[in-house]
1. Please list 3J(HN,Hα) in residue order for the range 104-110, calculated via the Karplus relation 6.51 cos²θ - 1.76 cosθ + 1.60 where θ = phi - 60°; whole Hz, with x for glycine and proline.
2. Per DSSP H run of n ≥ 4, the term is -39500 (n - 2.57); total these for the chain, divide by its residue number, and report the mean residue ellipticity at 222 nm rounded to 500 deg cm²/dmol.
3. Regarding the range 245-287, what whole-number volume in Å³ per residue does the convex hull of its Cα atoms give?
4. Check the range 2-326 and count each lysine pair with an alpha-carbon distance under 18 angstrom, considering only pairs eight or more places apart or from different chains.
5. For the range 198-206, just list the computed ³J(HN,Hα) in residue order, Karplus coefficients 6.51, -1.76 and 1.60, θ = phi - 60°, integers in Hz, with x standing in for Gly and Pro.
6. Separation of the range 243-284 and the range 51-122 by C-alpha centroid, Å?
7. How high is the relative contact order of the chain, given as a whole-number percent (alpha carbon pairs under 8 Å, six or more residues apart)?
8. With loop defined by DSSP as not H, G, I, E or B, and exposure as at most 10 other Cβ atoms within 10 Å, which is the longest segment of the chain clear of exposed GluC sites (Glu not before Pro)?
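What follows draws every value from the coordinates through simple rules; no lab data is involved. What you are looking at is a predicted structure, and each value in this text was computed from that prediction instead of being measured. All Cβ positions, even for glycine, are placed from backbone atoms using ideal geometry, and neighbour counts span all protein chains on display.
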Amino acid sequence: MLFLLLFELSIIFGFLLDLLFADPAKLPHPVVIIGKGITLLERCLRKIFPKTDGGERAAGRTMAAVIVVVTYAVTMGLCLIAWIIHPAVFLLLHTLWCWQAIAVRGLANEAKNVYSFLSPECDIAGARKAVSRIVGRDTQELTAEGVTKAAVETVAESFSDGVAVPFFYMMIGGAPLALTYKAINTMDSMVGYKNETYINFGRGPAHLDDLAGLIPSRLAALMWIAAAGLMEHRAMDAWKIWRRDNRNHPSPNSAQTESACAGALGAQLAGPAYYFGELYNKPTIGDRTRPIEPEDILKTNRMMYAASLIALLLTMAVSTALIIAGL
């Protein structure tokens, strides 16, 4: 019972710390260490494996396996050592990693910063620079509407990757499993591109990220729909658009929360966008019942906060049931 209490307290404390302090720049973050490991391992594996299509795919799969195993082994091992030293040490370490595995406040702050450049007066240059911090697309030519859409889409999609999915793995395996998912997601963001450099090497990590998020991303969409209802937005439209448009994206997971958000706002998201100077004709998500506007960024933030609270409560309920069932 002591472990159950400390396990759940650490998740709650981690969530509260994120709401209070976001992600302090001076605090060493596991994702930064993981990212450096990915870069180093990629260099080594590209030298070891043949420079053929098959060789690059094998190198990418090897990197994915190594990063997953090492991340989980190290984090779980340190948690066990912390528990052996003293339960209080475990509480501190697990709280820290739960805090670092989720990103609610930081995401909302970045989106709100974009909003500050769009309203009440539109500083389009400042808005483009602000949104470039949280999106992967080219922002130099974005209109005010384009900047707004980019910010809303990022908050909706990142709720899944940065909040709901980590909570899902935290629920069944604690911070070590949540950080292992973060490692998978980081690999995908670094090498999961369909360009000449990564079309083969990044295939394995990209498929692994799709697989890891397959179930929790759909749960995240349901949480978003529930949050839309709590925030008195269009919950039924969120449900309808999610059912219709949740596959309108090259990734099987990315449109899940985006489609629910589009329905809740009654606005259209996604569509063609430039990445590294190349136009990608992505399908639209949602119906254009009205033009999207800067206030939608704040509405999206509020739904994201509500959905995050739902995710926390579900994590608490299910983790309690799982641990009690195992006792």
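1. 9, 4, x, 4, 5, 4, 5
2. After summing the helix terms and dividing by residue count, I get -24500 deg cm²/dmol.
3. So the per-residue hull volume is 63 Å³.
4. Taking the Cα cut-off of 18 Å, the pair count is 11.
5. Residue by residue, the range 198-206 yields 10, 4, 9, 4, x, 5, x, x, 5 Hz.
6. Between the Cα centres of the range 243-284 and the range 51-122 lies a distance of 25 Å.
7. 20
8. Result, exposed sites excluded: 1-120.
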